[in-house]
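Comments concern the structure below.
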Amino acid sequence: MDLDAYAAARRDDWARLDALGRRRFSRGSDADELIERYQAGAADLSAIKTTAGSTAHGERLSLSLSRARLRFTGAPSNVLRQIPSFFMLQLPAALYRIRWITLVVALVTVLVAALYAIWVSNDPQVLANLGSDADLRKLADEDFVNYYSENPAASFSGQVWTNNAWIAAQCIAFGITGFYVPVVIMSNAQNLGLSAAVLFHYGEGDTFFLYILPHGLLELTAIFVAAAAGLRIFWAWIAPGARTRTQALAEDGRALFTVALGLVIVLFVSGIIEGFVTPQPWPWVVKIGIGALALAAFLVYMLLLGRLAVRAGETGDLDEFEAGARQLIAG
């Protein structure tokens, strides 16, 4: 073997292996590439040692392989040190990559809810099928508002949090079926549309918005994100591109699992708002303002910090990410 010629031919591959072993990454595809290049580099090192024994080229490649191996196998690390990377890189990057699907889900939900509300409001027979006049009037005048205060705020917050987190987790877990997410979207849109139609019919349209928007802005956005993640997994199975279906599902599923974990926290915040803010007899500007601020914070995290995280994951330039994040926080 002409060792110098062999090293020259493989130099770019070894350099890429070394670069991947040195960087942190937020995408499953980076981890898969690292494993593939590790396997190829190990084969190269075996060939060098078999034919030439201990050499400078072999020692450098061995060091790169050791660094790469620690990335995906055995480096014991403090879990607390991984938390900043999760919240500053992995989660916002995963959210950012499904931003357009999230927008489509939100628009479809609003459109379907509006169509239901218009249909029911303009057809007395459909409205009558929902219940007697006395029952519907009681819903509009009392039950809709009392729902948010009939239980202690803390227990109510915990109940809606676990319920919504369970729905979000199901959207992501069962998204691969292709039908579960549309069913959830249509069901939520139908419930919103029917409730709006009843309250507007009895002159309580302002009550509908006053008791939906404070928590609903963030809560519904979180459900939209979960639905988008589930649809993304389904699309990875339908159209994997150059990847195999197994590889596409593994990569996207691994990345989007972080979304499920993040949404647990987001829905906890919306649950707190629903339990402690929505029932309060405060001015509408205060209640809806709190919900709008919570939504704005989430969108900044998802879109602005997410864009920085994706860029850092693609280039490996974490210094650029940190500088951008500091600038974003500083305003």
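The values are calculated or read from the model by the stated rules, or taken from the named source; none is laboratory data. Just so we're clear, the structure is a prediction, and the values are computed from it rather than from any experiment. FYI the Cβ positions are ideal-geometry reconstructions off the backbone, even for glycines, and counts take in every protein chain you see. Quick note on the areas: whole protein, heavy atoms, side chains included, nothing else; ligands and nucleic acids left out. Shrake-Rupley method; radii C 1.70, N 1.55, O 1.52, S 1.80 Å.
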Between 0 and 90°, nearest 10: helix 3-22 axis offset from the chain longest Cα axis: 30
In Å², nearest 10: area of I290 left accessible to a 1.4 Å probe: 60
On Cα atoms only, tilt of 28-52 relative to the major axis of the chain in degrees: 10
In degrees, nearest ten, helix 153-173 long axis to first principal axis of the chain (Cα): 50
Within a Gaussian network of the chain (alpha carbon springs, distance under 10 Å), most fluctuating of A94, A169, A31: A31
Accessible area (Å², per residue) of the chain, counting only protein heavy atoms and a probe of 1.4 Å: 53
D_trans [Stokes-Einstein, Kirkwood Rh over alpha-carbon pairs] for segment 175-319, 4 °C, 1.567 mPa s, µm² s⁻¹: 74
Square roots of five times the Cα gyration tensor eigenvalues for the chain, Å: 52, 21, 15
H215, H201, H57, ranked by accessible area, largest first (probe 1.4 Å): H201, H57, H215
Cβ-placed point charges (K, R +1; D, E -1), dipole of the chain about Cα centre in debye, nearest 20: 1180
Distance cut-off 17 Å, percentage of C-alpha pairs in segment 207-284 lying past it: 55
All-pairs Cα distance distribution in segment 98-225, expressed in whole percent, bin size 10 Å: 12, 38, 34, 15, 0
Solvent-accessible area of F268 with every protein chain in place, 1.4 Å probe, in Å² to the nearest 10: 90
Accessible carbon and sulfur surface of segment 128-187 relative to its total accessible area, %, 1.4 Å: 62
Accessible surface of V104 - all protein chains present, 1.4 Å probe, nearest 10 Å²: 90
Residue (of G158, A94, Q125) at the positive-pole extreme of the chain, dipole from beta-carbon charges: A94
Binned Cα-Cα distance frequencies in segment 78-141 - 5 Å width, integer %: 3, 14, 12, 12, 10, 8, 8, 8, 8, 8, 6, 3, 0
